[in-house]
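The values are calculated or read from the model by the stated rules, or taken from the named source; none is laboratory data. Every value quoted in this text rests on a predicted model; they were computed, and no experiment measured them. Because the Cβ atoms are built from the backbone with ideal geometry, glycine has one as well, and the counts that use them run over all protein chains shown. Accessible surface is based on the protein model in full, side chains and every heavy atom, while ligands, DNA and RNA are left aside. Shrake-Rupley method; radii C 1.70, N 1.55, O 1.52, S 1.80 Å.
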Amino acid sequence: MRRPLALGLVVAAVLACSATAGARSTAGAPSVKITFPTHCACGIAAPQPSTVSVVVAVTNFKLSAADFGKAPIAGEGHLFFSIDHGKFDLPAHSGANGRLAAKIGVEGKYSPSVTPRITYTDLPSGKHTVVVYLVSNDNKKLGPSDTVTFTVQ
């Protein structure tokens, strides 16, 4: 699902903005839902307009740092975040997540994460699209995903 949003806000706004999105899934099915950025009107001046934190809600799925890269376990794994088809999924833009991407050979494609948040820095002004996927421990996409499009001003 795509949701357009104009951003001049960022990390601090995550704490101040009350995200209203909940998981849209059948009972027991794993899901992932981007909760920030959303359509909320936070009205916060950003200290760094080119920095955006993306926060997700994960339902019926355990994020596991301990089992990253290991054999699949049902209902467990991590996330893949991708911004602009991987264009900014590099250490310079996605920090530790980008360094992990480089380590496992997916730099410039997506940024793996074992937490429900990623921060992208030094994004140029303009429209950007972030996609997040649920992924098994062995780095295979499981299907559930969400997308948000926003504009850095």
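A few points about this structure:
- In region 61-89, the residues that are in contact with a strand residue (DSSP E or B) (Cβ under 6 Å, 6 or more places away or on another chain) and basic (Lys, Arg): LYS62
- Some residue of region 99-117 being surrounded by fewer than 22 Cβ atoms within 10 Å (Cβ to Cβ), under 14 Å from PHE150 (Cβ atoms) and of a type in the set (S, T, N, Q): no
- Residue pairs meeting the criteria (Cβ under 6 Å; at least 6 apart or on separate chains; first hydroxyl-bearing (Ser, Thr, Tyr), in region 108-135; second assigned to a loop (DSSP other than H, G, I, E, B) and open to solvent by less than 40 Å² (accessible area, probe 1.4 Å)): TYR110/ASP89; SER111/ASP89; TYR120/PHE88; THR121/THR51
- Any hit, region 123-136, residues being at pLDDT 95 or above, polar (S, T, N, Q) and in contact with a Pro (Cβ under 9 Å, 6 or more places away or on another chain): yes
- SER82 vs. criteria modelled with pLDDT of 95 or more, under 22 Å from THR147 (Cα atoms), in contact with a helix residue (DSSP H, G or I) (Cβ under 7 Å, 6 or more places away or on another chain) and not aromatic (Phe, Trp, Tyr): no
- All conditions but one from (1) within 30 Å of ASN137 (Cα to Cα); (2) of a type in the set (Gly, Ala, Ser); (3) open to solvent by 80 Å² or more (accessible area, probe 1.4 Å); (4) at pLDDT below 85 apply to ALA74; the one that does not is (4).
- Screening the candidates SER82, SER145 for the property of being within 16 Å of the chain's Cα centre (by Cα), farther than 26 Å from GLY28 by Cβ and buried (at least 16 other Cβ atoms within 10 Å of the Cβ) yields one hit, SER82.
- Residue in region 100-112 that is within 12 Å of ASN137 (Cβ to Cβ), outside any strand (DSSP E or B) and in contact with a Pro (Cβ under 6 Å, 6 or more places away or on another chain) present: no
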